[in-house]
Amino acid sequence: MTAGDKLIGNSPSRMARPLLTTTLAARVLRHDLAAAMTTLQFEDGELRAPLIEDPVGSAVAVQIDASDVSIALSRPMDVSITNRLPGEIVEIAALQAPYVRVTFSLGVTRMHTLVTSESVERLALVAGLRAWVMIKAVAISGEDLMPDYSLTPRPWPLDRSSSPKKP
């Protein structure tokens, strides 16, 4: 290391990463004990997370750090990231360089991502662009899940027929 080299790690010259989160109201949809995973349902889809103790039907609040959310311009297929949700960019806000907050609409839900200005330029991100947000399942920890009021899944009708009944 020469006198002109700088440490990247905990160097005082390194810019602090902004703390941005998205909180989702969700319900425990099912547990997969063999995979040690839980599926959570929220207004705009489902999320897979490491197994939690809350019983099926429990309301939970899921907090997702924006730095744990990635962006893909095309449908991600061969990736290890489990949670992939389509959306539309609704806002791009420059923060302290090099950070940029990109906000997606997933329908009802607004999801924040934290990327660099270099990524915004390289991917040509603009408001109105349809893209995918990707969240690693391991980024959703049991410590971030807290009881909360949430949507209740609508039950399937008991009497389902292929055509409406005539009077």
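What follows draws every value from the coordinates through simple rules; no lab data is involved. What you see is a predicted model, and the numbers here were worked out from it, not measured in a lab. Every residue, glycine among them, receives a Cβ derived from its backbone with ideal geometry; neighbour counts consider all protein chains shown.
Quick notes
- Here the range 21-147 is treated with +1 on each Lys and Arg Cβ and -1 on each Asp and Glu Cβ, and its dipole about the Cα centre works out to around 280 debye.
- Efficiency of FRET from Cβ geometry, R17 and M37, R₀ 30 Å, rounded to 0.05: 0.60
- Each residue in M77, M37, M111 was given a count of other beta-carbon atoms within 10 angstrom of its own, and listing them fewest first yields M77, M37, M111.
- Note on V90 and A72: the extension gain reaches 4.9 nm, defined as 0.36 nm multiplied by sequence separation minus the Cα-Cα distance.
- Based on alpha-carbon atoms, the Kirkwood radius and the radius of gyration of the range 21-147 give Rg/Rh equal to 0.99.
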